[in-house]
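Participant: I'd like to ask some things about the structure below.
Computed from the coordinates by the stated procedures, all read-outs in this text should not be read as laboratory data. Fair warning: this is a prediction, and the values are worked out from it, not measured in the lab. Here the Cβ is made from the backbone with ideal geometry for all residues, glycine too, and neighbour counts use every protein chain on show.
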Amino acid sequence: MIAVEEALRLVEQRASLGTVITIPTSEALGFTLAETAISKINMPPFRQSAMDGYAVSILEGSTAYTLIGEAKAGDSHSYDLKSGEAVRIFTGAAVPDSADAVIMQEKVNRLSDSNIILEEIPFSNQNIRPLGEQCLQGQEVLFPQTHLNPAALSYLISLGIREVKVYRKPKVAIVVTGSELISINTPYSTGKIYESNSILLKSELNQLGIDEVTILKVEDNYQATEAVLKTALQNDDVVLVSGGISVGDYDFVGKALRALGTEEIFYKIKQKPGKPLFFGKNKDSFVYGLPGNPASALTCFYMYVQPLLKKFMGSKEIHLKRKKLPLSHDYTVKGIRAQFLKAYVDSNDMSVSVMNQQSSAMIAAFIEANAYIFFPEYSTEIKEGALVEVIPL
Ligand code: AMP
Ligand code: MG
């Protein structure tokens, strides 16, 4: 049995980056960049009007200009303005090389089809976005490990970058064990439990952007467990086993993993909930034996599975962050193990309270919880106002 911090360290130490793939930028949402992205073009690619108005070739001291044409967004034109001439122009349009300034239309009086009067004397480069103002062709614009959010995709596409190199996402198998488990599509019968860990874990994986998820179910039977685990370890990068990892007579996961040649990285952590967590490696695949109780499984997922998945996908920050907040009430910690308690941080981020229903069999507290309170080993009586360690979820 190892301490929480040691287990976290082992996960971090063993976690590795997934391989790099090239995909269309338009499909890269949620991926992490594995290269330095280089702009294909200058941005803007031409001197661009920032206003609807008039582009002028300045005539020193004059406010009267002659209109010789029009430049709309998207037009390619080659007006050759002489001093004192102007073209009607619209936002986003290319400013003729021979124009010095754009005057917004609100500051222009249009006397006729060909004559305008400016309300102010124009100055050079007014309302013109210079060529390459955002970035230049060949410039490094985004760096490895940048998380590709909607703005990043838009930026890359705007710079002509059609494909990106990213870290691939892991294929994950969820292996659900337990002879007591029935599907939600089955009428309830005594002694049975509706199987809910697969939707819990699959949903968490989906929220991390992992969509290649296979769910396998097996009864508490040694041969069947070994066979299913063998398949999962062959096909998937990460195998999440639910249940069957404790010390009961019908818990076969540990024995089956060992029989399949799995390296044990750790088994059992001095924590509550989630003491029987197993973490191992089998050839190129990682495997977690998660306790079957839903709240334990979820805590183990957040603390020990998520960092491995994030690292695989190239994230910089893999562990949940921690901070200190005052406890809003007295609390007596039961037992000597470190504890992850479902908690609620108030909306002003000023204090934190322990929620009801901490049992590892109860998932409901997680619906409202927005944090854990982490009590280290041997915590005892905690007084209201004492600073406690908070792990926002
Ligand atoms: P185990 O870790 O296999 O001993 O499971 C502990 C308890 O967790 C079981 O008795 C069930 O009540 C519950 N449990 C296990 N697996 C699931 C599951 N897939 N869905 C819902 N509850 C589960
Ligand atoms: Mg079981």
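Participant: For region 14-107, which GluC sites (Glu not before Pro) pass both filters: DSSP loop (anything but H, G, I, E, B) and at most 14 other C-beta atoms within 10 Å?
Facilitator: Details: sites: Glu27, Glu35, Glu60, Glu70, Glu85, Glu106; in loops: Glu35, Glu60.
Passing both the DSSP loop test and the Cβ count: Glu35, Glu60.
Participant: Regarding region 94-249, what whole-number volume in Å³ per residue does the convex hull of its Cα atoms give? Can you show the working numbers first?
Facilitator: Working: hull volume 39.2 nm³, N = 156.
It comes to 251 Å³ per residue, whole-number rounded.
Participant: Which entries in the list Lys40/Lys165; Lys165/Lys283; Lys171/Lys217; Lys202/Lys324; Lys321/Lys342; Lys255/Lys311 go over 19 Å, if you measure between the two C-alpha atoms of each?
Facilitator: Lys165/Lys283; Lys202/Lys324; Lys255/Lys311
Participant: Then there's this: Across region 157-162, in residue order, what do the Karplus-derived ³J(HN,Hα) couplings come to in whole Hz, using 6.51 cos²θ - 1.76 cosθ + 1.60 with θ = phi - 60° and x for Gly and Pro?
Facilitator: Computed from phi, the couplings for region 157-162 are 5, 5, 9, x, 8, 7 Hz.
Participant: Using the beta-carbon distance between Glu212 and Ala364 and R0 = 30 Å, what value does 1/(1 + (r/R0)^6) give for FRET efficiency, to the nearest 0.05?
Facilitator: 0.55
Participant: What's the percent breakdown of Cα-Cα distances in region 1-92 across 10 Å bins, shortest bin first?
Facilitator: 12, 23, 16, 13, 12, 10, 8, 5, 1
Participant: Right, next: Could you please report the charge total around Phe279, scoring K, R as +1 and D, E as -1 over all other residues with beta-carbon less than 11 angstrom from its beta-carbon?
Facilitator: Around Phe279, the charge tally is +1.
Participant: I would also like to ask the following. Give me the one-decimal Kirkwood hydrodynamic radius in Å for region 154-215, with the sum taken over alpha-carbon pairs.
Facilitator: 14.8
Participant: Starting from one equal scatterer on each C-alpha and no solvent at all, send me the Debye-based log10 I(q)/I(0) for the chain at q = 0.06, 0.07, 0.08 Å⁻¹, two decimals.
Facilitator: Results for the chain at q = 0.06, 0.07, 0.08 Å⁻¹ read -0.42, -0.52, -0.61.
Participant: Oh, and also: Just to check I understand the Karplus step: with θ = phi - 60° and J = 6.51 cos²θ - 1.76 cosθ + 1.60, what whole-Hz values come out for region 132-148, glycine and proline as x?
Facilitator: Going residue by residue, I get x, 4, 6, 6, 9, 3, x, 7, 6, 10, 9, 10, x, 6, 6, 6, 8 Hz, with x marking Gly and Pro.
Participant: At 7 Å along Cα-to-Cβ for each site, give me the label-to-label distance between Thr66 and Ser112 in nm.
Facilitator: Output for this residue pair reads 1.2 nm.
Participant: Enumerate the whole-percent occupancy of each 10 Å bin, from 0 to the last occupied one, for all C-alpha pair distances of region 47-134.
Facilitator: 20, 59, 20, 1
Participant: Once you list every other residue whose beta carbon is under 14 Å from the beta carbon of Gln223, what net charge do they have if Lys and Arg are +1 and Asp and Glu are -1?
Facilitator: -1
Participant: On to the next question. Could you list which residues have their amide H under 5 Å from that of Leu277, counting only those 5 or more apart in sequence or on another chain, with H placed in the peptide plane?
Facilitator: The list, which skips near neighbours in sequence, is Lys268, Ile269.
Participant: How big is the convex hull of the Cα atoms of region 276-393, per residue, in Å³?
Facilitator: On the way: hull volume 13.7 nm³, N = 118.
Taking only Cα atoms, region 276-393 has a hull volume of 116 Å³ per residue.
Participant: What is the local net charge at Leu10, summed over the other residues whose Cβ is closer than 12 Å to its Cβ (Lys, Arg +1; Asp, Glu -1)?
Facilitator: Summing Lys/Arg as +1 and Asp/Glu as -1 gives -2.
Participant: For region 30-46, just list the computed ³J(HN,Hα) in residue order, Karplus coefficients 6.51, -1.76 and 1.60, θ = phi - 60°, integers in Hz, with x standing in for Gly and Pro.
Facilitator: Result, ordered by residue: x, 7, 10, 5, 10, 8, 8, 8, 10, 5, 7, 9, 6, 10, x, x, 8 Hz.
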